[in-house]
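Note sheet for the following structure.
The values are calculated or read from the model by the stated rules, or taken from the named source; none is laboratory data. Note that the coordinates shown come from a computational prediction; the quantities given were computed from them, not determined experimentally. Using ideal geometry, Cβ is built from the backbone for each residue, glycine included, and neighbour counts are taken over all protein chains shown.
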Amino acid sequence: MNDSRRYSFRELFGAGWSVFRHNYGLCLGITVIFLVVYILLAVLSTAFVVSIVFDEGSTSGIIVNGLLGLFMSSVIIFPLGAYLGFWLVQRVRKGERSQRGRYGTIVVLSFLMAVCFLPTQIAQGLGDPTGMAQLRMMPTMFKAGFDRGMAKNTLDAAKKADFDGFDRDVLQKKYDEANARFKEAEGRMQELQTEGNPGMQLLAGLLALIAMIFVYFWGPWAMKAALDPLEEAASTGQALARGRELARNGGPWNIWWVPTVFTIIMVASICACCLPFVFFGLPLAFAMAPGMYMCLRGEMDSTPAAA
């Protein structure tokens, strides 16, 4: 194994693609697990924040949302991604187990990564100060839209049917009332959406890009090194040092251009439809970091990609 030389874009990209191609079933399974957990956490955290924040446009919502996001990312989301990603490394290595008792190290590394994205969350909150109010409006809009749809269907059925039991005037009145409630909710939502700050939202996007570039030079590799029984990276400091060392094996450009290309592929799959995103884009994204990690360690020179 040779992990002291620079690996090219082609080698790093090929490693991720090889892991994806030979382990597609596991990549898809990991995608489903992560999506279910992430969506569940997103719904629960959103409901929690909305339930305790009452003032529209107040900074309390931004603070609570940022702290909750920091906690969720550090304790659940990033560690889950790390363990699921190392599952692929285990498969390629034909079953080598991850290090036990390293969850604390993974949480600390996840916290450091999440902190890097905290300015992005703050800028997003300031750029969309009515975000909490919009979330609280969603149940009202959904109910109003559902009531309007039901009233419309009943009214249309009554107009088509030649039956005296239908009081068309009453049904028309119910539809008009439901439609008025929906239009009112829709108008309020549009008012809230116009109160955003485009400049701050642009800054949030820039901060997210900077954070991703910075984190990718140590984060994924440090977390995998902490889980890897072939690495001596039990402490946070050792894992960080090893992560930076491995990142240097990809050079200052290749280590970042590879995920950029994978991201473009994933975005294209989103634009194509939901199914290509779930069945191709995301599984490919999950295979990227494990494949690159093994390539940066020099394993893809000698380790077969197929499980």
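Please verify whether Glu232 is over 29 Å from Leu126 (Cβ atoms) and either of a type in the set (D, E, K, R) or surrounded by fewer than 21 Cβ atoms within 10 Å (Cβ to Cβ) (or both), treating the condition exactly as stated.
Considered against the rule, which asks whether it is over 29 Å from Leu126 (Cβ atoms) and either of a type in the set (D, E, K, R) or surrounded by fewer than 21 Cβ atoms within 10 Å (Cβ to Cβ) (or both), Glu232 comes out as yes.
Within segment 20-43, does at least one residue satisfy the condition of being over 15 Å from the mean Cα position of the chain (by Cα), modelled with pLDDT of 90 or more, within 18 Å of Val278 (Cα to Cα) and among the aromatic types (Phe, Trp, Tyr)? Can you show your working first?
Of all residues in segment 20-43, those over 15 Å from the mean Cα position of the chain (by Cα) come to 20-29.
Then keep just the ones that are modelled with pLDDT of 90 or more; that gives 20-29.
Going one step further and asking which of them are within 18 Å of Val278 (Cα to Cα), we end up with 20-29.
If we keep only those that are among the aromatic types (Phe, Trp, Tyr) as well, we get 20, 24.
Within segment 20-43 (the criterion being over 15 Å from the mean Cα position of the chain (by Cα), modelled with pLDDT of 90 or more, within 18 Å of Val278 (Cα to Cα) and among the aromatic types (Phe, Trp, Tyr)), the answer is yes, since at least one residue qualifies.
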